1. Collect the residues in segment A:210-233 that are part of a helix (DSSP H, G or I) and buried (at least 24 other Cβ atoms within 10 Å of the Cβ), keeping them in residue-number order.
2. Is it fair to say residue B:72 is more than 30 Å from residue A:114 (Cβ to Cβ) and open to solvent by 50 Å² or more (accessible area, probe 1.4 Å)?
3. Test of understanding: among A:101, A:117, which residue is within 24 Å of residue A:176 (Cα to Cα) and of a type in the set (Ser, Thr, Tyr)?
4. Of the conditions (1) touching a residue at least 60 places away in the same chain (Cβ under 8 Å); (2) out of contact with any Leu (no Cβ under 8 Å at 6 or more places or on another chain); (3) away from chain A (no Cβ under 14 Å), residue B:143 clears all except one; give me its number.
5. Specify which of the listed residues (B:183, B:137, B:169) is more than 12 Å from chain A (Cβ to nearest Cβ) and closer than 29 Å to residue A:246 by Cβ.
6. Of everything in segment B:32-52, what is farther than 17 Å from residue B:193 by Cβ and either acidic (Asp, Glu) or out of contact with any Phe, Trp or Tyr (no Cβ under 9 Å at 6 or more places or on another chain) (or both)? Give them in sequence order.
7. Within segment A:139-161, can you find the residues that are of a type in the set (A, V, I, L, M, F, W, C) and over 18 Å from the mean Cα position of the chain (by Cα)?
8. Being open to solvent by less than 10 Å² (accessible area, probe 1.4 Å) and outside any helix (DSSP H, G or I) narrows it down to one of B:85, B:81, so name that one.
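The values are calculated or read from the model by the stated rules, or taken from the named source; none is laboratory data. As the structure is a computational prediction, the values presented were derived from the model and not from experiment. When we count neighbours, we look across all protein chains shown, and the Cβ atoms used for this are built from the backbone with ideal geometry, even at glycine. Calculation scope for accessible area: heavy atoms of the full protein, side chains included, ligands and nucleic acids excluded. Shrake-Rupley method; radii C 1.70, N 1.55, O 1.52, S 1.80 Å.
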Amino acid sequence: MLAKRIIPCLDVTHGRVVKGVNFVELKDAGDPVEIARRYNEAGADELTFLDITASSDDRDLILHIIEDVATEVFIPLTVGGGVREVGDVQRLLNAGADKVSINTSAVMNPQLVKDASDRYGSQCIVVAIDSKRVGDHWEVFTHGGRKATGLDVIEWAKKMESLGAGELLLTSMDRDGTKSGFDLELTRAISDAVDIPIIASGGVGNLQHLVDGVKEGRADAVLAASIFHFGEYGVDEAKRYMKQHGIEVRL
Amino acid sequence: MSVDIAVIDYGMGNLRSVSKAIEHIAPAANVVVTSDPAVIAEAGRVVFPGQGAAPDCMREIDARGLRQAIIDAARSKPFLGICMGMQVLFEHSEEGDTACLGILPGTVQRFPHEAMRDDQGNKLKVPHMGWNNVHQAAPHPLWVGIEEGARFYFVHSYFVQPTSPEVIAGFSHYPFPFTCAVASGNIFAVQFHPEKSQNDGLTLLGNFVTWNPGERDAACDMSGAACA
């Protein structure tokens, strides 16, 4: 039976892993290659790297990091952040990424999702959606959560699926960094609306939140950062906990 | 330096992962990523990976003049197909109604939308993405050291349906059983990604690097017959 995936997320800037709260207040969490190695040994099912570097000068750093990780960690690697054109997708895949995550550029230029998935296959195109509750619905935000788009998250998710996204990384900005658990209602609404896998993200504070994301949110994968980076929980511990709660995992 | 292992590059996907994984498990091997038919012909072993869509794969293979080199390699030396590199070995793919290489009899079909429910009625997503149990249908030198039911990483929307059940080397469930590994003579091909399947994937790649399909015990394993 297909296992639900646990995906540690590494936000990388200036060659270091950092973690912020609500997209600000960055805190250093260590060397990306070292952290990737540790998570691999602990049984992570995939790793996601988000390049949150603001300046384009540092853009090549993430390529070197991915190259280094890919020579010794043999699980799927997803990389996102600053992907603007098909050439960026190509560079990341060549460096050793298996999937490339597109966020702001998908909103600015939805054709990029189509072009990239036509060229490299849907399996390697992840569309990241930063979602915020606005009134009675959820709205897509871009630019690291700073800019409202007016787009409805459910409609946007369907559109991205139709343009060739192979997977959606759904982040609740209301929950990100709060440790109060995933936005389960949001996760479930999107998971029910599309046929492609959903990665739930934003808000994990304990292991029960991961279980809830799968059971209540119907997520195919759960992504978390700070609970793993700062040693609160191990990836292996998280998987055992999920298994105890009846979730199929890879142990 | 002679080429031990040629990884066929036809512009479809991440070949770095495949070559890096082989180099990791077999540091002494000379691994070359190539689209040169002469290098493929000369190599001791051939890995045929691939991602993306079947029509694009076939078009790229022909655009690079690789069709005959792939067919020759699949007939003559240890040959490992991975993902799309497994699917296009068959005759026809439903994906874009594509004629494939026809090295193995059978077709490639999409996971049918109406069948994608688990036993509790929950929707199953396509692509089939993630770690699933691989059941070994028959003993094979490439399974050595890998536990029955071990999990490998998959990402695909189509699966192969071989005409001859005797080539089925492994299967998985999603939600019905589907063929995820085939073995025929010097060909072994898998739907999952050994290069992304951590230790068990590396074990399989390591087995491929030392596999000698000409050996008597290997032939016996594949036929499933008792060997006197």
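1. A:210, A:213, A:214, A:228
2. Details: more than 30 Å from residue A:114 (Cβ to Cβ): yes; open to solvent by 50 Å² or more (accessible area, probe 1.4 Å): yes.
Yes.
3. Details: A:117 fails: within 24 Å of residue A:176 (Cα to Cα).
None of the other options fit; the residue is A:101.
4. Tallying (1) touching a residue at least 60 places away in the same chain (Cβ under 8 Å); (2) out of contact with any Leu (no Cβ under 8 Å at 6 or more places or on another chain); (3) away from chain A (no Cβ under 14 Å), residue B:143 fails exactly one: (2).
5. Details: B:183 fails: closer than 29 Å to residue A:246 by Cβ; B:169 fails: closer than 29 Å to residue A:246 by Cβ.
The conditions single out B:137.
6. Correct list: B:32, B:34, B:36, B:37, B:38, B:39, B:40, B:41, B:42, B:43, B:44.
7. Initial filter on segment A:139-161 (of a type in the set (A, V, I, L, M, F, W, C)): A:140-141, A:148, A:151, A:153-154, A:156-157, A:160.
A:148, A:151, listed by residue number.
8. Details: B:85 fails: outside any helix (DSSP H, G or I).
Selected residue: B:81, the only one of B:85, B:81 that is open to solvent by less than 10 Å² (accessible area, probe 1.4 Å) and outside any helix (DSSP H, G or I).
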